Amino acid sequence: MSTATTAPTITVAADPRIGLRGHLRHTGALVRRNLLWIKQDPESMMDAVLMPVIFTLLFVYVFGGSIGQSLGGGQQQYVQYVIPGMVAMMSMNIAQGVGTGFNEDFHKGIMDRFRSLPIGRGSVLIAKISVELLRLLVATTVLMVVAVLVGFDITNWGGLFAALGLSALFGSAVMWIFLVLGVTMKNAQSVQAMGFLVMMPLQFGSSIFAPTASMPGWLENFTKYNPMSGLADAARGLMVGGPVAHGLWVTLAWTAGLTVVMAPVAIRKFTKKA
């Protein structure tokens, strides 16, 4: 008769016991793992590559003439107006990938595997956010290539890079919202659906695609403090000239507020589930 034996317990080192060098090593390995996954599944980059192309062509060639006239010019005038707004829009769209990515990792058992390894939970989180920021960089690069092809005139390279940095900063704050959705919703489709309900009013009820002066009074007041309007206006001022201060402080205020409020909630829910 065989003697029952107790299975050895796997002890996972807690985050506080992993030094900075260990966290950096784990984060680098996980970033590489996420990039290899993208390499094996290139369709996952379709949204980052195709979305800026489709939106740019759609709005420039369908709405550019009529909206450009309201700006005192034509299609070329609208190109200079809408491209900075598109830079702002990319930050929120790419941020959604954090939520869907973690949701899929939990349901596919990948996080279960991480639990059995002496990996800092913070490294898992930072690696995912880092890869999404790289996806944002790819998306904005593609956007700017298409923008130049349709006639966008880059007159201020310093302002362009500042606008991209501001977009990435705001996008990193929005990622905390989608992280909460990712660890609480039942599946990735639910995360995408909820994200769509959040993003659409913010994006289209803003100054991204058209000036707000002709909007109803209540909607115009909403756009003044809509973070997407603030980011779009700040990016527009930095890239092509114009007022920057109001849009900048609105963006920074929303970035700080979202981070202070949502980051602790997201980290607590992620740590509890992971």
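The values are calculated or read from the model by the stated rules, or taken from the named source; none is laboratory data. What you are looking at is a predicted structure, and each value in this text was computed from that prediction instead of being measured. Here the Cβ positions follow ideal geometry from the backbone for every residue, glycine too, while neighbour counts run over all protein chains shown. Note: accessible area is taken over every heavy atom of the protein model, side chains too, but ligands, DNA and RNA are not part of it. Shrake-Rupley method; radii C 1.70, N 1.55, O 1.52, S 1.80 Å.
Can you find a residue that is modelled with pLDDT under 50 and farther than 30 Å from M200 by Cα anywhere in the stretch 31-44? Reasoning before the result, please.
Narrowing the stretch 31-44 to residues modelled with pLDDT under 50: none.
Scanning the stretch 31-44, I find no residue that is modelled with pLDDT under 50 and farther than 30 Å from M200 by Cα, so the answer is no.
To keep it simple, each residue is scored yes or no on (1) over 15 Å from M175 (Cα atoms); (2) touching a residue at least 40 places away in the same chain (Cβ under 8 Å); (3) of a type outside the set (F, W, Y).
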position: S229; (1), (2), (3): yes, no, yes
position: P243; (1), (2), (3): yes, no, yes
position: H246; (1), (2), (3): yes, no, yes
position: W254; (1), (2), (3): no, yes, no
position: V265; (1), (2), (3): no, yes, yes
position: K269; (1), (2), (3): no, yes, yes
position: K272; (1), (2), (3): yes, no, yes
**Message:** Which pairs turn up if I take residues in the stretch 145-162 that are aromatic (F, W, Y) and look for partners that are in a helix (DSSP H, G or I) and open to solvent by less than 70 Å² (accessible area, probe 1.4 Å) with beta carbon separation below 6 Å, at least 6 apart in sequence or on another chain?
**Reply:** F152/V79; F152/I83
**Item:** Lone unmet requirement of (1) under 22 Å from G237 (Cα atoms); (2) free of Cβ contacts under 8 Å to residues at least 24 places away in the same chain for F63
**Value:** (2)
**Item:** Among the residues listed as L137, L133, L125, the single one being touching a residue at least 12 places away in the same chain (Cβ under 8 Å) and open to solvent by less than 50 Å² (accessible area, probe 1.4 Å)
**Value:** L125
